[in-house]
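Colleague: So that we are looking at the same thing, I have put the structure below in structure tokens.
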Amino acid sequence: MADTHSGEIVAELEHVSRVYRMGSAEVRALDDFSFVFKRGEYWAVMGSSGSGKSTLLNILGCLDRPSEGQYRVRGTPTSQLDDDALSDVRSRELGFVFQSYNLIPQLDVLENILVPLFYQDDPPADGEQRARRLADRVGLGKRLEHRPTELSGGQQQRVAIARALVNDPALILADEATGNLDSQTALEILALFDELHAEGKTIVLVTHEPDVAARAERVLRLKDGKIESVYENRKVQA
Amino acid sequence: MKRASLWRTVRLGVSSLLLHKLRSALTTLGVLFGTSSVIAMLAIGEGASEKAQAEIRLLGSQNVILRSVKPREDFASNQQTRVNSYGLTDSDYERVSATFPGVGRVVPVREIYEEVRRGSRAMNPRVLACPPVYRDVTGRQVLEGRWITDQDERGIANVCVLSDEVARYLFPVEAPLGQTVKVGADYYTVVGTLMPRTRQRSDAPGAGEQTQAEVFIPLETGRKWYGNLQVKMRSGSREMEEVELHEVVIEVDQPDSVPTVAAAAREMLSRYHTQKDYEVVVPLEQLLLAEKTKRIFNLVLGSIASISLLVGGIGIMNVMLATVTERTREIGIRRALGAKRRHIVTQFLVETVVLSVGGGLLGVALGLIVPLIVEHFADMPTVITPSAPILAFLISAGVGVVFGIYPAWRAANMDPVEALRHE
């Protein structure tokens, strides 16, 4: 199971179940699921559709609450938190990267990167500088005024990654982040994730592509809401 | 919410609305017309009532006016030689001035049915024979020369005072003072002219149209030369009339006693007159009536305006509900990135208020223009009170809040997971 990495625990699931009711039937999307994500780890979550990987991602992302069990983000139990407090956790501790980039169309690049800070109760004073630095870092420093529709898919995903980093999150959640990209661009994005991992960021990447999962440090395979297997990828030095 | 972030929300709202320019513009139309009609109707209503009130005030709000009125003719009286004898009498006048409490000056007035001529120019103004005190009681002001004096009265002088309109018509070039005019068969020396009687707000358009063609002569002169029996030319037929006094103007000491004096006058007249050959005009009563009418008018206008604003508001709500559905995904993204419910509520509420306030501002502009057009083409006075645009503006903002709450609430209560999955 979870190995004995010496890092700080970032996210911890304790006997978590998520039960959906479909009429009289009961679907256990996650079933008594326990797992620990530690600082600096780079996980790929795999599994066929219906295996519970989306549900896991929603719970990790504080978008959904477990039906049973406890989920802690950096030690904070989330089951008892109300909607506002959960929103707080999302804006401070989490960064999201989606398959379809999910930039806000009426905002330009810089504004899109700044959105998570906008919703913090006490936003950092250097937010805009930080956003500019991040835009530079993902290679879009010269396109700050551009709207998402003026960017290619790869560029949009870079903006989304910058946005996911702007609040310096404890955990970066990526949902099929390369799913909409051609293979060349996908490789570029994955290289960016590698860089982030090298910097010590904690990343959970949900994917159904073995190639993508192979880039992660470790792989968590789900089946029917339970852990099927956990293994470490052997790093191939390029 | 901090000011900077509210400002950012407003900017965001504007840019979201600008993504659908036509839709936003059409949506504001309801509020636009609602707001402008509030202002325009208030302006027209206010103008009409101010005109009515000015006219009533010219009569003197502290006066009670008794007038002789020709009673309705019975069918047998159509002969040309018949003498109509009716109206107020000298005894009525004496009873009023001697016995009425709370009465100041009482002024008897006779009207002379004669043409006024000056050379080849002739006109038919009201020729009024009145004592000197008439001027004070009715608030007329002398422009040039002087008013009728007690001396004129005692000496039965053939002098006259012309109202502005008469003076301008009969004396287009030379100064009227000292000249003579012919009233009926007699010559009168012009001793004074009157200021035009204008509305109180002389800056308002249309002011200065309240003059009336009038010629004043001393009461005694009128009695002496024209007598009580007069021939009145009317639409080709001649009528003989015998009237002692055409008008008695009663000046009341205090505004509070006006209703008492009016009631006493009605009581007295009904006792001494067998037929209804008089009327009692109480400007104060008319003023109150005019105010009441104005209230009703405002109520009706208010309802119409509320209905159009209601319709406008529903239109906005409808569009905002569609917008919320259309932007479900954006809501999901924002929620995932940490937006609380109140952030989403604020965002959509601000957007709705921007729409309605935009409509409101344009409506205020249109509402200020429409009265000018009405005034120009329909020749109706309009008055825009400063409170009208402010009121209309606040109402439009209120419409935005009221009709924005439900769409914003819907947006805020979406499940983030569902919203993110929305295509």
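The values are calculated or read from the model by the stated rules, or taken from the named source; none is laboratory data. From a predicted model like this one, the values you see are computed outputs, not experimental measurements. Here the Cβ is made from the backbone with ideal geometry for all residues, glycine too, and neighbour counts use every protein chain on show. Each accessible area value is taken on the protein alone, full model and side chains, heavy atoms only, with ligands, DNA and RNA left out. Shrake-Rupley method; radii C 1.70, N 1.55, O 1.52, S 1.80 Å.
Colleague: Keeping all protein chains in position, work out how much accessible area residue B:225 exposes to a 1.4 Å probe, and write it in Å² to the nearest 10.
Modeller: The accessible area comes out at roughly 120 Å².
Colleague: Hey, if you put +1 on the Cβ of every Lys and Arg and -1 on every Asp and Glu Cβ in the stretch B:70-276, which of B:178, B:98, B:108 ends up farthest toward the positive end of that dipole?
Modeller: B:178
Colleague: Only four residue types carry charge here, +1 at the Cβ of Lys and Arg and -1 at the Cβ of Asp and Glu. Report the dipole size of chain B about the Cα centre in Debye, rounded to the nearest 20. Show your work: numbers first, answer last.
Modeller: Values: 48 positive and 45 negative charges, 525 e Å.
In total the dipole reaches around 2520 debye.
Colleague: Cα axis of helix B:258-272 to longest principal axis of chain B: angle in degrees, 0 to 90, nearest 10?
Modeller: 40 degrees
Colleague: Among B:141, B:123, B:269, whose Cα sits farthest toward the positive end of the charge dipole of the stretch B:70-276 (+1 at Cβ of Lys/Arg, -1 at Cβ of Asp/Glu, about the Cα centre)?
Modeller: Result: B:123, furthest along the dipole toward the positive end.
Colleague: I've got another one for you. Could you pull the accessible area for residue B:156 with a 1.4 Å probe, rounded to 10 Å²?
Modeller: In the full protein context, residue B:156 sits at about 60 Å².
Colleague: Which residue fluctuates the most in chain B, going by a Gaussian network model with Cα springs under 10 Å, if the choices are B:367, B:178, B:358?
Modeller: B:178
Colleague: Next question. Would you please give the FRET efficiency between residue B:306 and residue B:173, computed as 1/(1 + (r/R0)^6) with r the Cβ-Cβ distance and R0 = 41 Å, to the nearest 0.05? Present the calculation step by step, with values, prior to reporting the outcome.
Modeller: Details: r = 58 Å, r/R0 = 1.41.
E(calc), rounded to 0.05, equals 0.10.
Colleague: Now, a different point. How do B:240, B:195 stack up against each other in accessible area, from largest to smallest, with a 1.4 angstrom probe?
Modeller: Numbers: B:240 50, B:195 75 Å².
The ordering from most to least exposed comes out as B:195, B:240.
Colleague: Output the Cα-based Rg and Dmax of the stretch B:301-360 in Å, rounding Rg to one decimal and Dmax to a whole number.
Modeller: 14.3, 48
Colleague: Would you mind checking the tilt of helix A:109-118 against the longest principal axis of the Cα atoms of chain A, expressed as 0 to 90 degrees and rounded to 10?
Modeller: Around 50 degrees separate the two axes.
Colleague: Taking every pair of alpha-carbon atoms in the protein assembly as shown, give the share separated by more than 31 Å as a whole percent.
Modeller: 68 percent
Colleague: Only four residue types carry charge here, +1 at the Cβ of Lys and Arg and -1 at the Cβ of Asp and Glu. Report the dipole size of chain A about the Cα centre in Debye, rounded to the nearest 20.
Modeller: Working: 28 positive and 38 negative charges, 82 e Å.
Taking the Cα centre of chain A as origin, the dipole is about 400 debye.
Colleague: How shielded is B:337-350 by partner chains, expressed as the average number of their Cβ atoms within 10 Å of its Cβ atoms?
Modeller: 5
Colleague: Same structure, new question: With every protein chain left in place, what is the accessible area per residue of the stretch B:70-276 in square angstrom, probe 1.4 Å?
Modeller: On the way: 10810 Å² over 207 residues.
With all protein chains present, the stretch B:70-276 gives 52 Å² per residue.
Colleague: What do the square roots of 5 times the Cα gyration tensor eigenvalues come to for the stretch B:70-276, in whole Å, largest first, as semi-axes of the equivalent ellipsoid?
Modeller: Working: eigenvalues 163, 118, 59 Å².
Square roots of five times the eigenvalues give 29, 24, 17 Å.
Colleague: State to the nearest 20 debye the size of the charge dipole of the stretch B:70-276 about its Cα centre, where the only charges are +1 on K and R beta carbons and -1 on D and E beta carbons.
Modeller: Values: 27 positive and 30 negative charges, 95 e Å.
Once rounded to the nearest 20, the dipole reads 460 debye.
Colleague: If you don't mind, another one. Report the accessible area of residue B:421, computed with a 1.4 Å probe over the heavy atoms of all protein chains in place, in Å² rounded to the nearest 10.
Modeller: 140 Å²
Colleague: What distance in nm lies between label points placed 7 Å from Cα along the C-beta direction at residue A:234 and residue B:421?
Modeller: 4.0 nm
Colleague: Rounded to the nearest 500 deg cm²/dmol, what is the calculated helix-only ellipticity per residue at 222 nm for the protein assembly as shown, with -39500 (n - 2.57) per DSSP H run of length n ≥ 4?
Modeller: Details: 20 runs with 304 residues, N = 661.
Helix contribution divided over all residues of the protein assembly as shown: -15000 deg cm²/dmol.
Colleague: Using a 10 Å cut-off around each Cβ of peptide A:109-121, what is the average number of partner chain Cβ atoms that fall inside? Please report the intermediate quantities before stating the final value.
Modeller: Numbers: counts 0, 0, 4, 2, 0, 1, 6, 5, 2, 9, 9, 1, 2.
Mean shielding count: 3.
Colleague: So, one more: For residue B:154 and residue B:182, FRET efficiency with R0 = 22 Å and r from the beta-carbon atoms, rounded to 0.05? Provide the component values of the computation, followed by the final result.
Modeller: Details: r = 24 Å, r/R0 = 1.08.
According to the calculation, E is roughly 0.40.
Colleague: Against the longest alpha carbon principal axis of chain A, how many degrees, from 0 to 90 and to the nearest 10, is the axis of helix A:153-165 turned?
Modeller: Taking Cα atoms only, the helix is inclined about 70 degrees.
Colleague: So for B:150, B:415, what's the accessible-area order with a 1.4 Å probe, most first?
Modeller: From most exposed to least exposed: B:150, B:415.
Colleague: Could you sort B:253, B:152 by accessible area so the largest value comes first, with the probe set to 1.4 Å?
Modeller: Values: B:253 90, B:152 15 Å².
Of B:253, B:152, the descending order of accessible area is B:253, B:152.
Colleague: Now for a different question. Between A:200, A:40, A:154, find the one with the highest GNM mean-square fluctuation for chain A; connect C-alpha pairs within less than 10 Å.
Modeller: Highest fluctuation among the options: A:200.
Colleague: What ³J(HN,Hα) values, in whole Hz, does the Karplus curve 6.51 cos²θ - 1.76 cosθ + 1.60 give for the stretch B:93-100 when θ = phi - 60°, with x put for Gly and Pro?
Modeller: 4, 5, 4, 4, 6, 8, 10, 6
Colleague: Shifting gears a bit: Apply the Kirkwood formula to chain A: the hydrodynamic radius equals the inverse of the mean of 1/r over all pairs of different alpha-carbon atoms; give it in Å with one decimal. Numbers along the way, then the final one.
Modeller: Values: mean 1/r = 0.0547 Å⁻¹.
Taking the inverse mean of 1/r over all distinct Cα pairs, chain A comes out at 18.3 Å.
Colleague: Also, I was wondering about something else. Which one of B:156, B:84, B:394 is farthest out on the positive end of the charge dipole of chain B, using unit charges on Cβ (Lys, Arg +1; Asp, Glu -1) and the Cα centre as origin?
Modeller: Result: B:394, furthest along the dipole toward the positive end.
Colleague: Something else: Partner chain Cβ atoms within 10 Å, averaged over the residues of A:94-100 - can you pull that number for me?
Modeller: Numbers: counts 3, 1, 5, 0, 4, 0, 3.
Whole-number average of other-chain Cβ neighbours for A:94-100 is 2.
Colleague: Could you name the lysines in cross-link range of residue A:201, using Cα to Cα under 23 Å and dropping any fewer than eight places away on the same chain?
Modeller: Residue A:201 reaches A:38, A:53, A:235.
Colleague: Something else: I need to check one value: relative contact order of the stretch B:70-276, counting alpha carbon pairs closer than 8 Å and at least 6 residues apart, in percent. Please list the in-between numbers first.
Modeller: On the way: 372 pairs, mean separation 66.0, N = 207.
Rounded, it is 32 percent for the stretch B:70-276.
Colleague: With each pseudo-label sitting 7 Å past Cα toward Cβ, what's the residue B:7-residue B:105 distance in nm, one decimal?
Modeller: Calculated label separation equals 6.6 nm.
Colleague: Most fluctuating residue of B:399, B:137, B:324 in a GNM of chain B with Cα springs under 10 Å: which is it?
Modeller: B:324
Colleague: Related question: Cross-link partners among lysines for residue B:51, C-alpha distance below 16 Å, same-chain residues fewer than 8 apart left out?
Modeller: Residue B:51 reaches B:292, B:294.
Colleague: Sequence gap of 8 or more, or different chains, plus Cα separation below 20 Å: how many lysine pairs satisfy both in the stretch B:70-276? Provide the component values of the computation, followed by the final result.
Modeller: Numbers: B:70/B:232; B:70/B:276; B:182/B:224; B:182/B:232; B:224/B:232.
Lysine pair count for the stretch B:70-276: 5.
Colleague: Report, by chain and number, residues whose modeled amide H sits under 5 Å from the one on residue A:174, excluding near sequence neighbours (fewer than 5 apart, same chain).
Modeller: HN-HN under 5 Å from residue A:174: A:97, A:204, A:205, A:206.
Colleague: Please report, largest first and rounded to whole Å, the three semi-axes of the ellipsoid equivalent to chain B, where each semi-axis is the square root of five times an eigenvalue of the C-alpha gyration tensor.
Modeller: On the way: eigenvalues 927, 103, 68 Å².
That gives 68, 23, 18 Å for the three semi-axes.
Colleague: Also: Give me a comma-separated list of calculated 3J(HN,Hα) values for the stretch B:106-116, in order, Karplus coefficients 6.51, -1.76, 1.60 applied at θ = phi - 60°, integers in Hz, x for any Gly or Pro.
Modeller: These are the phi-based 3J(HN,Hα) values: 10, 10, x, 9, 10, 10, 9, 8, 10, 7, 10 Hz.
Colleague: Taking amide H atoms as placed 1.01 Å from N in the peptide plane, list the residues 5 or more away in sequence, or in a different chain, whose amide H sits under 5 Å from that of residue B:105.
Modeller: Excluding prolines and chain starts, which carry no amide H, the hits are B:251.
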